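The values are calculated or read from the model by the stated rules, or taken from the named source; none is laboratory data. Since this is a predicted model, take the numbers as computed values, not measurements. Using ideal geometry, Cβ is built from the backbone for each residue, glycine included, and neighbour counts are taken over all protein chains shown.
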Protein chains: 2
Amino acid sequence: MASEPAPISFARGAPSLDIIDVEGLRAAADAAFAADPAGTFSYGTSIGYRPLRAWIAEKHGVAPENVIVTNGSMQADAFLFEALVEPDDVVVVERPTYDRTLLSLRSRGGDLRPVALQPDGVDVTGIEALIADGVKPRLAHLIPNFQNPAGYTLSLEKRKALVELAKANGFLIFEDDPYVELRFTGETLPTMLSLASDDQVVYASSFSKTVCPGIRVGYLVGPEKLIARIAKLATNTYISPNMVAQSIVNEFCRNGSYARSIETVKVALKERAEALGEALAAQLPEARFVAPEGGYFLWVEMPDGFDADALFKAAAERGVAIVKGTDFLIEGGENAFRLAYSGVGVEQIREGVARLADAAKSLPVG
Amino acid sequence: MASEPAPISFARGAPSLDIIDVEGLRAAADAAFAADPAGTFSYGTSIGYRPLRAWIAEKHGVAPENVIVTNGSMQADAFLFEALVEPDDVVVVERPTYDRTLLSLRSRGGDLRPVALQPDGVDVTGIEALIADGVKPRLAHLIPNFQNPAGYTLSLEKRKALVELAKANGFLIFEDDPYVELRFTGETLPTMLSLASDDQVVYASSFSKTVCPGIRVGYLVGPEKLIARIAKLATNTYISPNMVAQSIVNEFCRNGSYARSIETVKVALKERAEALGEALAAQLPEARFVAPEGGYFLWVEMPDGFDADALFKAAAERGVAIVKGTDFLIEGGENAFRLAYSGVGVEQIREGVARLADAAKSLPVG
């Protein structure tokens, strides 16, 4: 019997354990539990652990009242959508975008309007065209840095244009930014939150990619009234988020482990992204992609008529997991797929792409 | 200027820090992080940290597939109500009951039917009378041990009768049991979950009262299909609950700290409950109450016409916080209030009751 090849997953947007600072987390827990047992172990309030909230507020140059710290940023999204999105409210989304956001918005009955994502970010003229047609967006959900699934980054010019557009047309930008710290090439761009003069932006981020996913700590920054409304929803849902986890993250951020951890992660991601790009160019030359400047993901488009669903199956037979492009779009994406390089080492990447190329060769010619 | 009296809170159902095993939690975190960094720090799945899920399943004599571990038991309640309660579904609740449960069920549009709580638990004939009137309950929410707010405990006879009634009439019992481990007098009674032969019971509990509230770990035990449905809701809400917190709880439970912590808590609660009962008998003799056999709460009924709202204000002026009875009822409770003795030491209890008696004397005669 031939032995099964070891599984290689390009599917999950998660870090491998070797780039998580396990020792730093042990030390942070120990220090946090000793320094503030009352704050760590008692019920908190729904806005989160106050010292961490203050750290986040300072980082973004806002008041603590503009911040709520939640059990991961997906929970933050859920509260935000509960507060803002009523059935038939128009929500602009990127095409493609994160599948769970689509699911969450759809379950609220939102009227989703996908607008094409370009290598420099969402097509602003596409949003303008919708508005010119009389559509009145309530919210625009945008992932500005190293977008999931495409890996693309929104340009400074477009960030400015979007803030102006939101102001002129009275909609809110939901700047969903979990990957911002993971830039390994080029210059960090200002957030739309920092570019907006008024209350046009609500911003979300997370410590899943910079500390670890299992810690489930995310946050929202936004207008004080909206944050207060979400805090009320959060109280009614869970009284308070995880104080133990937030206290550990607070210590980790303040004692310097956070900055060190980000460096470790970026070095590894850069290496992995480069290895993936090189392997694809060498072994799957028909694959088109934009080399990401940060983050976890690379989006591959194959020639028209290519069947990514068949590739998904042929790859699975070879022990390789990918995510089909169609998962990230309401329609289309049949010739595309997403590769996550965050959870796989360089050797696995090379081996995985070799198997993927073999899988592609096995497909009937379209 | 007279100095303000130190505040004394009988309001919050939370443990004081001196009965939380801070050192045990530090040791558990350290051991858990070293033993299973991958399981602790990575994304998990929505059913929770598997070793803890297995420990809970064994404790209740069920399969792991019957268990989901959540971010606190209020979050579990929210998922359960989302899965089960549609607008106008009839839900039997105890009168009085936990205010947040009322709020949560109301926000789902549930048709709440309060049934009187007696010192030996909910009035089963009251539920029978509803059914005889043609009402078809979907769910009955019951807090069997040391009920919040009343401190009463459901008798074995009534537990058996309720399981039979649920079976005969096709409704589900939601056995909400966060205080079960905190019995300091008398014998532990079997859960309705263990008495039911079929799928009539979904059971919730929590580690907030036995480990600490800030850890936010709770769980549901129920029919496999229902648990699977809730796991899907949980995935869409937050991908996975807090793995770090659940891994710490798992270690704490398995290394013996849990059993020791419960002993510490019970000794303190017994002392506090007795001190409260004695102080009330001595200083507020018109107060009627049933001495609790466990848990956090004591429910005080004053003579008819007594104005607990006025007492609430007069007590606050004296630095004493209580919760008004009306908070736990859809109507009624004007002459009642809840005292939580979990967060206050014996000396504070004596001083707090003295101030409360002084506040009561200050009220105009009704």
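Data for the structure
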item: Unique match (being among the acidic types (Asp, Glu) and over 21 Å from B:Ala6 (Cβ atoms)) among B:Glu351, B:Glu331; result: B:Glu331
item: Which listed residue, of A:Pro241, A:Pro223, is closer than 22 Å to A:Ala204 by Cα and within 14 Å of another protein chain (Cβ to nearest Cβ); result: A:Pro241
item: Checklist (1) within 30 Å of A:Val22 (Cα to Cα); (2) touching a residue at least 40 places away in the same chain (Cβ under 8 Å); (3) assigned to a helix (DSSP H, G or I) applied to B:Gly214, failing item; result: (2)
item: A:Ser197 modelled with pLDDT under 95 and either more than 14 Å from chain B (Cβ to nearest Cβ) or closer than 22 Å to A:Gly121 by Cβ (or both); result: yes
item: Conditions (1) under 15 Å from B:Val249 (Cα atoms); (2) more than 10 Å from chain A (Cβ to nearest Cβ); number of the one not met by B:Gly72; result: (2)
item: Qualifying positions in the range B:329-346 - at pLDDT 95 or above, among the hydrophobic types (A, V, I, L, M, F, W, C) and either surrounded by 21 or more Cβ atoms within 10 Å (Cβ to Cβ) or under 18 Å from the mean Cα position of the chain (by Cα) (or both); result: B:Ala336, B:Phe337, B:Leu339, B:Ala340, B:Val344
item: Qualifying residue in the range B:167-185 (condition: under 17 Å from the mean Cα position of the chain (by Cα), within 14 Å of chain A (Cβ to nearest Cβ), crowded, with 24+ Cβ neighbours inside 10 Å and not in a helix (DSSP H, G or I)); result: yes
item: Meets criteria (within 25 Å of B:Asp177 (Cα to Cα) and either hydroxyl-bearing (Ser, Thr, Tyr) or touching a strand residue (DSSP E or B) at 6+ places or on another chain (Cβ under 6 Å) (or both)) for B:Val290; result: no
item: Complete set of residues in the range A:182-196 that are touching a residue at least 24 places away in the same chain (Cβ under 8 Å) and either of a type outside the set (Val, Ile, Thr) or in contact with a helix residue (DSSP H, G or I) (Cβ under 6 Å, 6 or more places away or on another chain) (or both); result: A:Leu182, A:Arg183, A:Phe184, A:Gly186, A:Leu189, A:Pro190, A:Met192, A:Leu193, A:Ser194, A:Leu195, A:Ala196
item: Residue match in the range B:64-78 (condition: surrounded by fewer than 20 Cβ atoms within 10 Å (Cβ to Cβ) and either assigned to a loop (DSSP other than H, G, I, E, B) or of a type in the set (A, V, I, L, M, F, W, C) (or both)); result: no
item: Hits in the range A:276-321 (condition: closer than 14 Å to A:Ala11 by Cβ, among the hydrophobic types (A, V, I, L, M, F, W, C) and surrounded by fewer than 22 Cβ atoms within 10 Å (Cβ to Cβ)); result: A:Phe312, A:Ala316, A:Ala321
item: B:Ala316 vs. criteria free of Cβ contacts under 8 Å to residues at least 24 places away in the same chain, among the aliphatic types (A, V, I, L, M) and over 11 Å from B:Ala336 (Cβ atoms); result: yes
item: Some residue of the range A:37-55 being of a type in the set (Lys, Arg), over 18 Å from A:Ile215 (Cβ atoms) and within 22 Å of the chain's Cα centre (by Cα); result: no
item: Candidate set from the range A:79-88 (those that are in a helix (DSSP H, G or I) and more than 13 Å from every other protein chain (Cβ to nearest Cβ)); member that is nearest to A:Val201 (Cα to Cα); result: A:Leu84
item: Cβ-Cβ under 9 Å pairs, at least 6 apart or on other chains, the range B:153-168 side touching a residue at least 40 places away in the same chain (Cβ under 8 Å), far side assigned to a helix (DSSP H, G or I); result: B:Leu162/B:Val124; B:Leu162/B:Ile127; B:Leu162/B:Met192; B:Leu162/B:Leu195; B:Leu165/B:Val124; B:Leu165/B:Ile127; B:Leu165/B:Glu128; B:Leu165/B:Ile131
item: Every residue from the range B:239-256 that is assigned to a helix (DSSP H, G or I) and either basic (Lys, Arg) or crowded, with 24+ Cβ neighbours inside 10 Å (or both); result: B:Met243, B:Val244, B:Ala245, B:Gln246, B:Ser247, B:Ile248, B:Val249, B:Asn250, B:Glu251, B:Phe252, B:Arg254
item: Residue count, the range A:17-28 (criterion: more than 9 Å from chain B (Cβ to nearest Cβ) and under 20 Å from the mean Cα position of the chain (by Cα)); result: 1
item: Any hit, the range A:257-264, residues being farther than 26 Å from B:Ser42 by Cβ, outside the structural domain of A:Met74 (by TED's automatic domain parsing) and assigned to a helix (DSSP H, G or I); result: no
item: Flag for A:Ile322 being among the aliphatic types (A, V, I, L, M) and touching a helix residue (DSSP H, G or I) at 6+ places or on another chain (Cβ under 6 Å); result: yes
item: Filter result for B:Leu105 (more than 30 Å from B:Glu347 (Cβ to Cβ), buried (at least 18 other Cβ atoms within 10 Å of the Cβ) and touching a residue at least 24 places away in the same chain (Cβ under 8 Å)); result: yes
item: Number of the condition not met by A:Ser247 [criteria: (1) under 22 Å from B:Ser46 (Cα atoms); (2) modelled with pLDDT of 95 or more; (3) within 14 Å of another protein chain (Cβ to nearest Cβ)]; result: (1)
item: Matching residues, the range B:298-325, being closer than 21 Å to B:Glu274 by Cα and not in a loop (DSSP other than H, G, I, E, B); result: B:Leu298, B:Trp299, B:Val300, B:Glu301, B:Val320, B:Ala321, B:Val323
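Residue-by-condition table, conditions (1) without any contact (Cβ under 8 Å) to a residue 60 or more places away in the chain; (2) more than 9 Å from every other protein chain (Cβ to nearest Cβ):
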{"site": "A:Ala6", "(1), (2)": "no, yes"}
{"site": "A:Arg12", "(1), (2)": "no, no"}
{"site": "A:Asp30", "(1), (2)": "yes, no"}
{"site": "A:Tyr43", "(1), (2)": "no, no"}
{"site": "A:Gly61", "(1), (2)": "no, yes"}
{"site": "A:Asn66", "(1), (2)": "no, yes"}
